[in-house]
1. Using each residue's phi in region 355-363, evaluate 6.51 cos²θ - 1.76 cosθ + 1.60 at θ = phi - 60° and report the 3J(HN,Hα) Karplus result to the nearest Hz, with x for Gly and Pro.
2. Enter the accessible area per residue of region 141-209 (Å², integer; probe 1.4 Å; all protein chains in place).
3. I'd like the carbon and sulfur percentage of the solvent accessible area for region 351-463, probe radius 1.4 Å, heavy atoms only, ligands and nucleic acids excluded.
4. What span do the alpha-carbon atoms of region 215-265 cover on each of the three principal axes, reported in whole Å from largest to smallest?
5. Apply the Karplus parameterisation 6.51 cos²θ - 1.76 cosθ + 1.60, with θ equal to phi minus 60°, to every residue of region 144-159 and state each ³J(HN,Hα) to the nearest whole Hz, in sequence, with x for glycine and proline.
6. With only Lys, Arg, Asp and Glu charged, each at its Cβ (+1 for the first two, -1 for the last two), find how big the charge dipole of region 141-209 is about the Cα centre; round to the nearest 20 debye.
7. Got a number for carbon plus sulfur as a percent of region 215-265's accessible area, 1.4 Å probe?
8. From the convex hull of the Cα coordinates of region 351-463, what is the mean projected area in square nanometres?
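The values are calculated or read from the model by the stated rules, or taken from the named source; none is laboratory data. All figures in this text were calculated on a predicted structure; none of them were measured in a lab. Cβ: placed from backbone, ideal geometry, glycine included. Neighbour counts: every protein chain shown. Note: areas computed on protein heavy atoms with side chains; ligands, DNA, RNA excluded. Shrake-Rupley method; radii C 1.70, N 1.55, O 1.52, S 1.80 Å.
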Amino acid sequence: MQAGDPAVGAPMAVAGAQSRSEDEESLGVKDVKRTATQAFGSGVPKRRSSSRSIKRKKFDDELVESSLVKSSSRVKGPPVIEPVRCSGSEPSSSEKKKVTKSGNSLTPPLTMLVNPAPITKRVKKSKQPLHITKDLGRWKPTDDLLLINAVLQTTDLTSVHLGVKFSCRFTLREIKERWYALLYDPVISKLAWQAMRQLHPEAIAAIQSKALFSQVEEALLAKIGSTSQPKVDMFQELLSKHPGVFHPSRTPKSLLVHWQLLKQYYLLDDQSVQPLPKGDQVLNFSDAEQMVDDVKLKESRDEVLEHELMISDRHQKREIRQLEQELPRWQVLVDSITGMSMPDFDNQTLAALRGRMVRYLMRSREITLGRATKDKPIDVDLSLEGPAWKISRKQGIIKLKNNGDFFIANEGRRPIYIDGRPVLSGNKWKLNNNSVVEIAGLRFVFLINLELISLIKAEAAKMTPQ
């Protein structure tokens, strides 16, 4: 076929026209995209962000914004406007990358740009000070009404503190602070006024009936004589004569009761308080106590009780005597069990050292105690009683003096215990009858021949005057 053939050139022209129209359409789509991005991207600045979520605490304003975003996403709004693509064109790979990058960015939707939701700020309510709420809690409307009526009657806060009975025990300082707050604090005065207006009329009447008496009212009541016996009609006439002086809640009966109180405390005009008598005429408590007869205060004698006490006393004394008589028998039994009974001494034995196994007799005025060996004999070998390897060869010396007293001297290294008291090396201690001697765990009882020792003391006494 030739190049200038019209059959071949027509399809080529048609193909060129189609390719030209496709290029123009793609260029038109690109222009639409560019204008759309310029329109929507120019209003909101681009921010760099990463796909990784950063965990951190949100501030208050961020919490408010997030809550608003969530609420706006939940509310159904107008449909979102998206850019229109031509059906015949498909985005290229570079355009897909651009779309994905723009999707990852934090660009708000079109609805937020067109109609942004107004951000509401939390307005904190002004709170009243703590002392105001505290006073409003303690001071009831009845107390405020009592305070106002009392001040209007007496014009003295001290008298109000002493005479008015509030729902709580307020101090004088608290009453003053409350009165000044009702006068000068607009918040407290407004709240108190609203609370008092809500009281029941009967409660208001009861509070007004308790209003204190003013000085002018008491002066008019004091003019009535104490000797007279006024009736309710007299006080009714007094109320009718002086309507502007007395409180509107006063009744003739209340005036009569208050006049009786004035008379009781000697506050009427014709009454005068008499001074107390001076001298011995005043009877105080100590004088009255001395005048009381103590004999009359004592209870009468109970003969039956005294007889029973006497009989019980006799029985107790009889039991005590029986025990005293049985004591020697019990002593013999105890001595037989413990082995501490008095041995039968001969005329040559001065004393005895009794142990659990062996009894050593002292027949000379001086004996030595210790552990006997082959080269060194000893008077009292303590190894016969038990293990004596801790005892020194010459542990101690027992000696009888001319006055009949026995003494033990410690010559060894270890202490000797006499009745629980330690006797160290180089010291001595007096031995009595039935004294307990303990040497290195071995216990002995020192028994004295009292008859022989008494004869020795008698001879010594005879020798001393010569």
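1. x, 6, 10, 10, 10, 9, 9, 9, 10
2. Working: 4330 Å² over 69 residues.
Value returned for region 141-209: 63 Å² of accessible area per residue.
3. Values: 3360 of 6640 Å².
In region 351-463, the share of accessible area belonging to carbon and sulfur is 51 percent.
4. In descending order, the Cα extents are 27, 22, 15 Å.
5. 4, 5, 4, 4, 5, 5, 5, 5, 5, 7, 9, 6, 8, 5, 5, 5
6. On the way: 7 positive and 7 negative charges, 14 e Å.
So the dipole magnitude of region 141-209 works out to roughly 60 debye.
7. Working: 1880 of 3320 Å².
Carbon and sulfur atoms account for 57 percent of the accessible area of region 215-265.
8. Values: hull surface 28.5 nm².
Result: a mean projected hull area of 7.1 nm².
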